Amino acid sequence: MADTPGTREPSLDEQIAAYQREFQDLDPQVEKVVSALSRLNRRMNVAYGRQTAELGLSNAEFEVLKALVLAGDPYRMGPGDLAKRLGLTPAAMTHRIDRMVAEGLVTRERDENNRVRVIVGITEDGRAKWLEAMRMASVFEEELLQDLSGEERGRLGEMLTRLLRRVERAQPDAGGRLSDLD
C-alpha cells in the first residue's frame, strides 16, 4: 500500500532541509543529532511496548515493576514514592496499583511499623514478567547495536551520558510527567 501524500515521515535529511528553509539559523549538525535521538527514542518505545504487550504488561506496568526492582531487595516502596519516581499524581498511581494488584503483579500491604502507611511490593509473577521483559529488551538492544564495536558502544554511551547530564542539570524536574505538559 503506497503512502498517501504527507503521511510518509521525511528522512532526517529531508526534515533538516525543510527546517532550514523555514529557519535559516538552524545548525544542521545539531538538528541531525537531536532529530535522530528523538526518532530513535520513539521507535524504541514502540518496540519495548510491543514486547511488554506480548507478556500481558503495559509500558506503565513495566515502569512500576522496574521502579520496585531498582529499589532493591525486598523490592518494596510506598505508593507516594512510586508516584514521585514515575512523575504521576497519587490518584493515577493508586489506579495503576489497583490494576496491578488485580493482575497479581504487585501486593499492597500495611507497613508493619506504621499501620497508616501502605507498601507496594513485587510478586513472584511480577518479577518473572519483569525478568522476561528484560531478556526480550536485551535481545532487541543487542541487535540494535550490532554494527558498533565495543569501543564505539563505549564512546557512544559516554557521549549520550554527557548529554543526559546536561539536560538533567538544566531540567532537574523533567524525570517524569510535568503538570504543565500533561
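Every number in this text was worked out from the coordinates using simple rules, so none of it is lab data. Just so you know, these numbers come straight off a predicted model, no measurement behind them. Cβ sites come from the backbone with ideal geometry, for glycine too, and all protein chains shown count toward neighbours.
The figures follow:
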| quantity | calculated |
| --- | --- |
| Aspartates and glutamates with Cα under 13 Å of LYS66, excluding same-chain neighbours fewer than 8 positions away | GLU132 |
| Rg(Cα) / (2.2 N^0.38 Å) computed for the chain, rounded to two decimals | 1.28 |
| Whichever aspartates and glutamates have a C-alpha closer than 14 Å to that of LYS84, once near sequence neighbours (fewer than 8 apart) are set aside | GLU63, ASP173 |
| 18 Å Cα-Cα reach of LYS32 towards aspartates and glutamates, excluding residues that sit fewer than 8 places from it in its own chain | GLU9, ASP13, GLU14, GLU22 |
| Test item: Cα-centred dipole of the chain, Lys/Arg +1 and Asp/Glu -1 on Cβ, debye | 580 |
| Loop-resident sites, the stretch 87-130, for GluC sites (Glu not before Pro), counting at most 16 other Cβ within 10 Å (DSSP) | GLU103, GLU112 |
| Cα principal axis extents for the stretch 57-165, largest first, Å | 53, 29, 24 |
| Spin-label pair SER38/GLU124, simplified geometry with 7 Å Cα→Cβ offset, distance in nm | 4.7 |
| Only Lys, Arg (+1) and Asp, Glu (-1) charged, at Cβ; the stretch 12-54 dipole about Cα centre in debye | 280 |
